[in-house]
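Each remark here refers to the structure printed beneath this line.
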Amino acid sequence: MPSPRSLRRLTVLLLLGGVLLCGGMAYLLAQRMGQAQIQATGLHRLELYTASLQREISKYAFLPGTLELQKDVLSLLSTPSDTSLPRRADSVNAYLEQLNERAGTLSIYVINLKGQVVATSNWRRPDSFMGEDLRFRPYFQDALSTGTGRLFGIGTTRGEPGYYLASALLDGSRTVGVAVTKVSLDQLEQSWSTVEAPVIVTDENGVVILGSVPDWKFTALRPLDEATRKAFDQTLQYNRKALTPLGMKVLSDLDQGARLVRVAREGTEMASVYPVTGRFLTQSRALPGTPWTLTVFSHLARADEAAQSDALIATIGAAFVALLGFMFNQRRRHERDRLRDRLAAREALQAGVHELALQIAAKSPL
């Protein structure tokens, strides 16, 4: 039979294990509740960001196609050998310049079937697009083959990133050229920079083309193979940017497409109003009408801190209850031991009295 000391030691170990178990269960429960709350908030943010990006793009989607209504634009493309071509080009250039200023776009230009820019809104600038050969650009090729082209890329002339919207221009039923509008999304990015959680937009290549963290822009979420990089060299979509890895590692998949990831960006981090490294809960959504994916990063530091705080409170509470139980048990044991000692003393006294009576009876004369 175990000794009392061994029993007390076993009791203490069991109580300690129970306290730790309560703390661990409280941590896991609080962490799950915190992640569920973060996931609900992130889903709401995802809807807002998606809607704002769609509104920004839809404002300009119609613009390239409207050039088909301008007779001078169609004449410029349909009759390239006309002697009045220079005068007509100046007229179209001036029109595109005014249209670009009113629309607030970066540039608007017209490309003939050979891929040469024949009119552009920035025709007065030293770095004008006039005469550039852009037949290698995917948006030009897509517009000729499907009627429309969309691409986010970096300009080869000014190195300015933007979203290209292209539309084929028809003269009757005949395609005569392509109109392109280049749109800046900088204002949208700036509005995202004030929110509490990082947000990024990646294209079909997994490259971050928009984001609230400047240091994340033009990084890659997944490794880019040699064939992909060679294709970028041909299309100059990113104008030979390095496209270094973001440093994101998936830790686990959650329900509703959410993920737990860790971001460990190498190099010097730019200043940010929120954490840009560590553990995040990510939620993504495809942007309709584009090959883009919008992703919200919700940092888990606060949820972890809250879970740790709840676990500490639960541990202290369980330890207090265990201590009270231990003290009550010890008191009961002491009371029981004292009662047992009193009963033993009474029995010893009664036995002594009985023994004394027998001795007295034995010595007494009959």
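The values are calculated or read from the model by the stated rules, or taken from the named source; none is laboratory data. All values derive from a computational prediction rather than experimental measurement. Cβ placement follows ideal geometry from the backbone for every residue including glycine, while neighbour counts extend to all protein chains displayed. Only protein heavy atoms, including side chains, enter the accessible area calculation; ligands, DNA and RNA are left aside. Shrake-Rupley method; radii C 1.70, N 1.55, O 1.52, S 1.80 Å.
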Problem set entry | Two-decimal Rg/Rh across segment 53-180, once Rg and the Kirkwood Rh are taken from alpha-carbon atoms | 0.93
Seminar exercise, completed: Between the modelled labels at residue 184 and residue 279 (7 Å from Cα along Cα→Cβ) the distance in nm is 4.1 nm
Exercise. How far apart, in nm, are two points set 7 Å out from the Cα along the Cα-to-Cβ line at residue 226 and at residue 41?
Worked result: 4.7 nm
Problem set entry | Greater than 26 Å apart at Cα, pairs in 59/249; 182/230; 59/230; 114/217 | 59/249; 59/230; 114/217
Problem set entry | Most to least accessible of 249, 182, 114, 217 (protein chains only, probe 1.4 Å) | 114, 249, 217, 182
Seminar exercise, completed: Scalar couplings 3J(HN,Hα) for segment 176-181 by Karplus 6.51 cos²θ - 1.76 cosθ + 1.60 (θ = phi - 60°), nearest whole Hz, x for Gly and Pro, are 10, x, 9, 9, 10, 10
Seminar exercise, completed: In Å, the C-alpha Rg and Dmax of segment 120-224 are 16.2, 51
Seminar exercise, completed: Here the FRET efficiency for residue 293 versus residue 48, based on Cβ atoms and R0 = 22 Å and rounded to 0.05, is 0.85
Problem set entry | Calculated FRET efficiency for the pair residue 254/residue 156, C-beta based, R₀ 56 Å, to 0.05 | 0.85
Problem set entry | For peptides 134-141, 45-52, 123-130, sequence by mean Cβ density within 10 Å, most packed first | 134-141, 45-52, 123-130
For this session: Note down the nm distance, to one decimal, between modelled labels 7 Å out along Cα→Cβ at residue 113 and at residue 239.
Result: 3.2 nm
Problem set entry | 5 angstrom amide H check on residue 107, placed H, neighbours 5+ away | 182
Exercise. Where the only charges are on Cβ atoms (+1 Lys, Arg; -1 Asp, Glu), what is the dipole of segment 222-268 about its Cα centre, to the nearest 20 debye?
Worked result: 160 debye
Seminar exercise, completed: If unit charges are put on Cβ atoms (+1 for Lys and Arg, -1 for Asp and Glu) and the dipole of segment 91-234 is taken about its Cα centre, the option from 188, 211, 178 lying farthest towards the positive end turns out to be 178
Seminar exercise, completed: Taking Cα pairs closer than 8 Å and at least 6 residues apart, the relative contact order of segment 98-172 in percent is 19 percent
For this session: Enumerate the amide H contacts of residue 244 below 5 Å, restricted to partners 5 or more residues apart or on another chain; note that Pro and chain-start residues carry no placed amide H.
Result: 220
Exercise. To the nearest Å, what is the center-to-center distance of segment 124-164 and segment 180-204, using C-alpha atoms only?
Worked result: 20 Å
Exercise. What does the charge dipole of segment 73-201 about its Cα centre add up to, to the nearest 20 debye, if the Cβ of each Lys and Arg holds +1 and the Cβ of each Asp and Glu holds -1?
Worked result: 380 debye
